[in-house]
Structures are given as C-alpha cells and as structure tokens.
Amino acid sequence: EADIYQTPRYLVIGTGKKITLECSQTMGHDKMYWYQQDPGMELHLIHYSYGVNSTEKGDLSSESTVSRIRTEHFPLTLESARPSHTSQYLCASSFSGGSYEQYFGPGTRLTVT
Amino acid sequence: ILNVEQSPQSLHVQEGDSTNFTCSFPSSNFYALHWYRWETAKSPEALFVMTLNGDEKKKGRISATLNTKEGYSYLYIKGSQPEDSATYLCALYSGGGADGLTFGKGTHLIIQP
C-alpha cells in the first residue's frame, strides 16, 4: 500500500485567502507531482519535481506555486484564492528508476467562496 | 497536448455480468499505459502498467490488453461484484514534454445488485 498523505482533505475558504495544500510521502520517491481535476474533467498535471530544489510546470497552466525543500514533502500554495481555483487537487509520487508507476494521495477538495 | 479518450463515460452493469471498456490514445511517442481504479474519497489505486504491444495483464477478475500500434487498451471485468463500482482511469506516459501522466476522463462503473 502506498504511503502518500494529503491534508486537508476538504477545505472551504473565502476569496483572497492564502492557502497551502500539504503532500507528504514516506516511500523515498524522488519524483512528485500535483494534478488538478475540475468537475467533469480529466486530471491534469500542474506541477512536478525531480527531487529536492527541482520544480517544473505541468501541461495545465496554474496560478499555484510549489516547493521541494525535502524529498518527502511537496506543498502547493495559492497566494490569493479565487472561486476559479475550486477544484480537486491530487498529489502523486514515483521512483524515477521504476516502471513509471505513480502512487496517489487521496486528494484535497478545495472550494473557494 | 496528448488526447486520451475513454468510452463509455458511464456504465451500469448487473452483478455477475462481465464488462469491458476502452481507452484510446495516439500511438506515437508511447512509453507506458496505466489503468487506475478510483473509488470516491479514496486514492486512485494502480491496477496495471503496460509497456509492450500485445501486453496482457491480469489481477483477479480484472484483466487488460494493449495494442500500441493502433493505440488502444481494453479493460475487462469478469463476474462484476458491487465492490467493483468505481471510476476506472486510463493514463498515458509519453516521456516527452511535461514529465507526468495524461489522463482520460474515466469510465464510471456502477454494479447493480
């Protein structure tokens, strides 16, 4: 069973607030990812990281930012939340030398009012 | 951006019946095809990773096949049970551009007792 955790699981917050979505994994994976899923749509990659101090933008443009100071931790931050940021955010990790398999967290469902 | 198509979008199946659904993808720049099973409020669970044309994988009552030349994969469930109710996601790893998975919208499967 994969050990990847996300907090909070659900968040309802007002417009203009700064929020940080937490993601941690205990598997020692070097690669980590953030995916976003709007209602009725597919998961889209918004950020990824190859390891400590590495961050890259994904296929889908996002106003969020990420950091990777420790191998196990890959938080996502929105400086000023807007209703358009309402979505589900999933974190994943993988081992770069493996079979491309990604392990997912349970997601954070964000609602901005 | 790659396009991964899944059909049908949703499916109601009687308990005990067998079923299958399709994932189609561009056959160029193929590295790996993933199937995930995603239950509401849980983490997506990896079912299969397939890399070779003609690959067939099996896990209990669930199996999958891959045709990279024509760009499709089938997922089969034999003797459906209520616990099979979930969304089944197909995702492509192409190895180019943003280094993550490109997902389809999923097939939402409901098993009726």
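The values are calculated or read from the model by the stated rules, or taken from the named source; none is laboratory data. If you're wondering where the values come from, they're calculated on a predicted model, not measured in any experiment. Neighbour counts run over all protein chains shown; Cβ positions are idealised from the backbone, glycine included.
Pick from the stretch A:84-111 the residues that are assigned to a loop (DSSP other than H, G, I, E, B) and within 10 Å of the chain's Cα centre (by Cα): which of them is nearest to the other protein chains (Cβ to nearest Cβ)?
Among those residues, the one meeting the criterion is A:Gly105.
Which of (1) within 13 Å of chain B (Cβ to nearest Cβ); (2) among the hydroxyl-bearing types (Ser, Thr, Tyr); (3) assigned to a loop (DSSP other than H, G, I, E, B) is the odd one out, the single condition A:Ser80 does not satisfy?
That leaves (1) as the condition not met.
To keep it simple, each residue is scored yes or no on (1) farther than 22 Å from B:Ser43 by Cα; (2) surrounded by 14 or more Cβ atoms within 10 Å (Cβ to Cβ); (3) at pLDDT 95 or above.
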position: A:Ala2; (1), (2), (3): no, yes, no
position: A:Tyr5; (1), (2), (3): no, yes, yes
position: A:Leu11; (1), (2), (3): no, yes, yes
position: A:Gly14; (1), (2), (3): yes, no, yes
position: A:Gly28; (1), (2), (3): no, no, no
position: A:Pro39; (1), (2), (3): no, no, no
position: A:Val66; (1), (2), (3): no, yes, yes
position: A:Glu72; (1), (2), (3): no, yes, yes
position: A:Leu76; (1), (2), (3): no, yes, yes
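Quick one: would you say B:Lys42 is part of a strand (DSSP E or B) and either over 13 Å from the mean Cα position of the chain (by Cα) or not aromatic (Phe, Trp, Tyr) (or both)?
Details: part of a strand (DSSP E or B): no; either over 13 Å from the mean Cα position of the chain (by Cα) or not aromatic (Phe, Trp, Tyr) (or both): yes.
The answer is no for B:Lys42.
Looking for whichever is among the charged types (D, E, K, R) and under 30 Å from A:Tyr10 (Cβ atoms) here; the options are B:Glu70, B:Glu83, B:Glu15, B:Glu5. Which one fits?
Numbers: B:Glu70 fails: under 30 Å from A:Tyr10 (Cβ atoms); B:Glu15 fails: under 30 Å from A:Tyr10 (Cβ atoms); B:Glu5 fails: under 30 Å from A:Tyr10 (Cβ atoms).
Selected residue: B:Glu83, the only one of B:Glu70, B:Glu83, B:Glu15, B:Glu5 that is among the charged types (D, E, K, R) and under 30 Å from A:Tyr10 (Cβ atoms).
Of the residues B:Tyr88, B:Tyr36, B:Tyr76, which is outside any loop (DSSP other than H, G, I, E, B), more than 23 Å from A:Asp3 (Cα to Cα) and either aromatic (Phe, Trp, Tyr) or touching a helix residue (DSSP H, G or I) at 6+ places or on another chain (Cβ under 6 Å) (or both)?
Working: B:Tyr88 fails: more than 23 Å from A:Asp3 (Cα to Cα); B:Tyr36 fails: more than 23 Å from A:Asp3 (Cα to Cα).
Only one candidate passes the filter, namely B:Tyr76.
Restricting to the stretch B:47-67, name every residue that is buried (at least 19 other Cβ atoms within 10 Å of the Cβ) and of a type in the set (Gly, Ala, Ser).
Answer for the stretch B:47-67, where residues must be buried (at least 19 other Cβ atoms within 10 Å of the Cβ) and of a type in the set (Gly, Ala, Ser): just B:Ala64.
Kindly provide the set of residues from the stretch B:1-36 that are farther than 25 Å from B:Asp99 by Cα and within 10 Å of another protein chain (Cβ to nearest Cβ), ordered by number.
Matches in the stretch B:1-36: B:Gln9 only.
What is the residue count in the stretch A:42-60 for residues that are away from chain B (no Cβ under 11 Å) and loosely packed, with under 14 Cβ neighbours inside 10 Å?
So in the stretch A:42-60, the residues away from chain B (no Cβ under 11 Å) come out as A:51-53, A:55.
From the residues that got through so far, the ones that are loosely packed, with under 14 Cβ neighbours inside 10 Å too are A:51-53.
Counting residues in the stretch A:42-60 that are away from chain B (no Cβ under 11 Å) and loosely packed, with under 14 Cβ neighbours inside 10 Å gives 3.
Determine whether the stretch A:58-69 contains at least one residue that is among the hydrophobic types (A, V, I, L, M, F, W, C), within 30 Å of B:Ser10 (Cα to Cα) and in a loop (DSSP other than H, G, I, E, B).
Checked against the condition, which is being among the hydrophobic types (A, V, I, L, M, F, W, C), within 30 Å of B:Ser10 (Cα to Cα) and in a loop (DSSP other than H, G, I, E, B), the stretch A:58-69 yields at least one hit.
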